[in-house]
Every structure is written in C-alpha cells, then in structure tokens.
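Comments concern the structure below.
Each reported figure results from applying straightforward, stated rules to the coordinates on display, with no laboratory input. Being a predicted model, the structure only gives us computed values, none of them experimental. Cβ placement follows ideal geometry from the backbone for every residue including glycine, while neighbour counts extend to all protein chains displayed.
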Amino acid sequence: MQARFYFQYLQHLLHAKSRYQIHSPWVYQLIEQALRGGVQDPAWEPIERLRHQLLRDHRLIEVDDPGAGSRIHATRRRSISQIARTAAKPVPLARMLFQLCRYVQPAMVIELGTSLGLTTAYLAAAVPDARVITVEGSKAIAAEACRNLQLLRLHNVDFRQALFADVLPEIRATLREPFLLFVDGDHRYASTRAYVEPFLSALDGDSCVVMDDIHWSREMTDVWNSLRNDSRVNLSIDVFFMGFLFHRTGRWQVEHYALRYPGILSWFRR
C-alpha cells in the first residue's frame, strides 16, 4: 500500500493546480481565507499545550476499532503518545479546519471520529456559538477524549461514545444549517458512503462535508470519487489528504479541483 500511496501523491502533484490557477472568485477566497495558513489565533494555545502533554503520555490503552483499523499499528494495545502522533491531525491541518469553520460559520458541526479530541477542540473553538457533536466508537479512546475536552473547558461540545450508524439518524433529524460534517473514521467504502449520504440532500449554500484520508486506501479513494460525482455535489476540492464537498447555489457549474497545499508535508510526517 505504501508504494501505491506515494504513486497517488505524485499523480496528484501532476494534475493539481495552485491557487493562482483558480478562476472562481468564491473558491479563490475560500483557499486564501480558509485552506491556507493564517494568523496565529490565541484559541490554539491551550489545545497545543495539551497536544504536547499527550505526546509525552506513554500510558497504554486497549483500542477497540470498529472501522477498518490502523494502517500503522498492528496491535490493539497502543500508547496515548502513539495515538496523538499518528491519529490526531497535525497542527497545520487542524488549523486549516479551524479556519474553514471560521469561514463557513456553521450552526452545527458533526465530527465522526473524535480520537483524543484535539481536532474536536479546534472545531469547537472556531465556532463557540455552534453546536459541536463528536462521535467516537472506541470506548478506551472515548474516555481519554472526554477527559481532554473537559480539561479544555469547551462548553459547546456534545460528546457521544457510540457507533456512527447508531447516532446518525438522530443527528440528521435535528440538523441545523449551515453545517459542517467532518468524517474521520471507519475508512470502509460502504459504511463511509452510508454516513455521508443522509447529509447530501441538505448540502446547500455554505454547508460543507470534509472527508479525511481520501487517498488512505483504494476504498477511500473510491468513496471520495463516488461522493464528488454525486448529483447533489457541484463543487469538490481535493488537497490529497482531505477532500471538501459543497453544493453552491445560484448559477454554479459543476467544478472539481485538485489543489497543491503547502501543508502536505505535515501529513507525511505522521
């Protein structure tokens, strides 16, 4: 899988555009204000202090992963520091999600895959008036995430320890728009498609679906291609390690972009 992964990255570089080659004013503004590095925000400081603590935490926990599992760890027994290093979003990507949330200003954020809660914290800090629902399937990781979110005193987070499929019908029924859905777990084709499918009909205006690890495996690339070609999506942006789906209203033609992103090297260091 390693050789295939790097080959896909080279293919991405061959076809990807820089922001200067984007002709849509709205997409260019999105890239400039949300997808590229921004000004340091004070809200990041407590989250990054916690990240440094977790990277030094060598306690072992038993991880029950209901999804496709880890491509890095062969055993279920993992240290907190290993999870923080390999499963948590690297700093540039977490900040990008923060800036995207600030730009979109969703009324509701749904995160599928809490991990240790660092990315959750970035999302919640970006829009303190929004309701942030985060779901984690692993009981052991969920216990750690719950403790971390309490330490950060984020009062707009609704934390659920459950299987994604068990809670999504209730979440979808109480959806507020605009929304941001961040899918960062499972990594199997059929289930990932099933998680996103109920939200596509509400994908309108500034709402956004963010898909993590879209080139993690053939299944993830296939589900990304399936979703971006869905008739309810008319704008997709592929930055290799993540993909963004929109349905823009008005006189908008279907547009699919592959973009070079300067934070890509942080992904490879995981």
Just want to confirm a number: the relative contact order over the chain, from Cα pairs under 8 angstrom separated by 6+ residues, in percent. 19 percent
Using 0.36 nm per residue, how much length does the chain from residue 105 to residue 225 gain when fully extended, once their Cα-Cα distance is taken away? 40.6 nm
Approximate spin-label separation residue 81-residue 194, in nm, with each point projected 7 Å along Cα-to-Cβ: 3.9 nm
Around residue 47: net Lys/Arg minus Asp/Glu count, Cβ-Cβ under 14 Å: +2
Assuming 0.36 nm per residue, please report the length gained on full extension of the stretch residue 43 to residue 139 beyond their Cα-Cα distance. 31.8 nm
To the nearest 10 degrees, the tilt of helix 164-173 (Cα long axis) against the first principal axis of the alpha carbons of the chain is 50 degrees
Compare the peptides 169-176, 140-147, 28-35 by average per-residue count of other Cβ atoms within 10 angstrom and give them in order, highest first. 140-147, 28-35, 169-176
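Can you order the peptides 3-15, 124-136 by their average number of other Cβ atoms within 10 Å per residue, highest first?
Numbers: 3-15: 11.9, 124-136: 21.5.
My ranking of the peptides, most packed first, is 124-136, 3-15.
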Rounded to whole Å, sorted largest first: equivalent-ellipsoid semi-axes of the chain, Cα gyration tensor: 27, 21, 19
If I take the Cα coordinates of region 27-181 and project them onto the principal axes, what are the three extents in Å, biggest first? 43, 36, 29
Would you compute the Debye intensity of region 145-246 from its alpha-carbon atoms alone, equal scatterers and no solvent, and pass along log10 I(q)/I(0) at q = 0.14, 0.18 Å⁻¹ to two decimals? -0.58, -0.92
For the chain, take the longest principal axis of its alpha carbons; what is the angle in degrees between that and the long axis of helix 189-200, to the nearest 10 within 0 to 90? 60 degrees
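How much of the DSSP bridge set in region 2-268 is antiparallel, in percent, rounded to the nearest 5?
Values: 11 of 35 bridges.
Counting DSSP beta bridges with both partners in region 2-268, the antiparallel share is about 30 percent.
Please give the peptides 48-54, 98-104, 117-123 ranked by average Cβ packing (other Cβ atoms within 10 Å per residue), highest first, as a rough proxy for protection. Mind showing how you got there, number by number?
On the way: 48-54: 16.0, 98-104: 21.3, 117-123: 26.7.
The packing order, highest mean first, is 117-123, 98-104, 48-54.
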